[in-house]
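The values are calculated or read from the model by the stated rules, or taken from the named source; none is laboratory data. Just so it is clear, the structure is predicted and the values come from calculations on it, not from any experiment. Here the Cβ positions follow ideal geometry from the backbone for every residue, glycine too, while neighbour counts run over all protein chains shown. Calculation scope for accessible area: heavy atoms of the full protein, side chains included, ligands and nucleic acids excluded. Shrake-Rupley method; radii C 1.70, N 1.55, O 1.52, S 1.80 Å.
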Amino acid sequence: MGKHFGELARVRHVITYSLSPFEQRAVPNIFSHGLPNVMRRFRSQVLKVVPPFAIAYLIYSWGTQEFERLKRKNPADYEHDQ
C-alpha cells in the first residue's frame, strides 16, 4: 500500500537534539536574575528614549495652544464696526 507517513522521504545529515520535559526549568531564577536584569536594561535605555518623547510632547502641546490662540478673533479688529 506504499509508505506510511513519516517514512515518505529519507532526510540525511540533519541532527536534532531534545531535552526531557522533566529536566527543563520553565522559569529559572526569574526573581534573582530576571527582574534585576530588566531594571538594568530599563535604566540603561531610559535616557535614550524619554528625551525625544518629551520634546515631541512639548512641541505638540505648544502647537496645539498656538493653534487655539490663533483661531480666535482679535476683538480690536471689530471695535469700530457698527
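Per residue, the stretch 11-82 exposes 107 Å² of solvent-accessible protein surface, assessed with a 1.4 angstrom probe and all protein chains in place. Using R0 = 41 Å, the C-beta based FRET efficiency linking His33 and Ser61 works out to 0.50. Legend: P(r) of the chain from all alpha carbon pair distances, 5 Å bins from 0, whole percents, reading 3, 9, 7, 7, 7, 7, 7, 7, 7, 7, 6, 6, 5, 4, 3, 3, 2, 2, 2, 1, 0.
Net length available on complete extension from Glu7 to Lys48 is 9.3 nm, with 0.36 nm assigned per residue and the Cα-Cα distance removed. Taking Cα atoms only, the orientation of helix 35-71 departs from the longest principal axis of the chain by about 30 degrees.
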